[in-house]
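The values are calculated or read from the model by the stated rules, or taken from the named source; none is laboratory data. Everything numeric in this text was worked out from a predicted model, so none of it was measured. All Cβ positions, glycine included, derive from the backbone under ideal geometry; neighbour counts span all protein chains shown.
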Amino acid sequence: MHTVLKSASKEVVIGHDQPFCIIGERINPTGRKLFQEQLRKGDLSRVDIDVADQLAGGAMALDVNMGAPLVDEAGLMVQAVKLVQGLCDLPLCIDSSVIEALDAGLRTYEGKALVNSVTAEDERLDAILPLVKAHGAAIIALPNDEEEIPEEPARRLELARKIVEVATGTYGIPVEDILIDPLAMPIGADTSLVNRTLETIHLVREELGVNMTLGASNVSFGMPERHVLGACFLPMAMQAGLTSAIMDARSPEIVRAVKAADLLLDHDPWGANWIAEHRKREAENKREAEKR
């Protein structure tokens with residue numbers, strides 16, 4: 001099952017037989033006080049740097065979130081989408097909890113976007129899925145509802161099943177355009193949480209067969225050496241059936257772990273991508289040595 005994302009000139013395919021899709025997380029003011037202050041002043045200059053850093057790191061798509069306090073989120077989303085599409089040709093993930101911002105971003109975007117996100121709450125499904133259908137976008141769906149963020153993988157699967165049934169049956173959204181987020185929770189709160197995420201991935205893969213993504217940085221939140229934890233977690237999740245992640249594309253440790261897992265899981269035929277990346281690093285190291 002392939003989920004296809006498009007920019008004006010580039011296509012990215014997400015699938016269980018495809019290289020893992022790295023969605024850069026950085027264009028997001030959450031936890032970034034300086035960026036939030038800049039956005040309140042209408043200053044998007046930091047986005048240029050974030051795009052460049054994530055492109056250099058190997059991002060295949062970019063998440064765009066303008067959700068800072070006391071800002072015109074819809075207006076900033078329009079500006080950000082235009083800016084990012086002018087800086088690179090990667091497909092975008094329009095990320096907001098505000099319906100108006102999602103609508104504004106989708107209206108502005110040139111291509112087939114990914115929308116982040118919808119939950120199993122009836123009100124959210126009824127508000128967001130018509131936008132997704134109208135713009136021909138794909139959607140990230142989180143298996144939580146009005147009552148809970150479920151701890152048990154079986155309950156998460158139940159809510160994922162509900163979302164898929166409503167999206168396909170009521171709104172006619174193709175099943176391949178639905179990515180389930182199996183809910184990655186911080187291990188600093190409970191070290192058993194990763195096992196529940198991995199079990200959820202396995203269950204969703206076995207029953208629904210859809211593609212999946214998650215916020216990879218959530219797992220290591222509050223812990224030291226977060227990049228090491230991310231580099232360990234993502235290959236485990238890929239083995240279970242995860243096909244993409246919103247993650248720190250600037251981290252060589254994490255990106256290289258993903259690329260290595262692609263090779264070992266036979267998602268990199270003949271090791272072409274692994275060898276190409278190795279040669280690229282060798283060339284960069286040589287250039288740096290010549291400058292000294």
Does region 112-122 contain any residue that is farther than 17 Å from Asn65 by Cα and part of a helix (DSSP H, G or I)? yes
Residue that is among the β-branched types (Val, Ile, Thr), touching a Leu at 6+ places or on another chain (Cβ under 6 Å) and under 30 Å from Gln85 (Cβ atoms), where the choices are Ile140, Ile128: Ile140
Examine region 38-47 for a residue that is assigned to a loop (DSSP other than H, G, I, E, B), charged (D, E, K, R), over 17 Å from Leu214 (Cα atoms) and within 18 Å of the chain's Cα centre (by Cα), and state whether such a residue exists. no
Could you list, ordered by first residue, the pairs with Cβ atoms under 7 Å in which the first is in region 198-218 and under 12 Å from Ile180 (Cα atoms) and the second is surrounded by fewer than 19 Cβ atoms within 10 Å (Cβ to Cβ) and basic (Lys, Arg), at least 6 apart or interchain? Leu208/Arg161
Which listed residue, of Ala138, Ala154, is within 18 Å of Gly241 (Cα to Cα) and not aromatic (Phe, Trp, Tyr): Ala154
Scan region 1-50 for residues that are closer than 25 Å to Leu265 by Cα, charged (D, E, K, R) and surrounded by 19 or more Cβ atoms within 10 Å (Cβ to Cβ) and report the count. 1
Quick test of your reading of the structure: Val115 fulfils all but one of (1) within 28 Å of Lys82 (Cβ to Cβ); (2) touching a Lys or Arg at 6+ places or on another chain (Cβ under 7 Å); (3) crowded, with 17+ Cβ neighbours inside 10 Å. Name the failing condition by number. (2)
Pick from region 215-241, criterion buried (at least 20 other Cβ atoms within 10 Å of the Cβ) and in contact with a Leu (Cβ under 7 Å, 6 or more places away or on another chain), ranking: nearest to Ala261 (Cα to Cα): Met238
Quick check: is even one residue across region 166-176 part of a helix (DSSP H, G or I), touching a residue at least 60 places away in the same chain (Cβ under 8 Å) and under 21 Å from the mean Cα position of the chain (by Cα)? yes
Could you go through region 135-150 and let me know if any residue there is more than 18 Å from Met212 (Cα to Cα) and modelled with pLDDT of 95 or more. yes
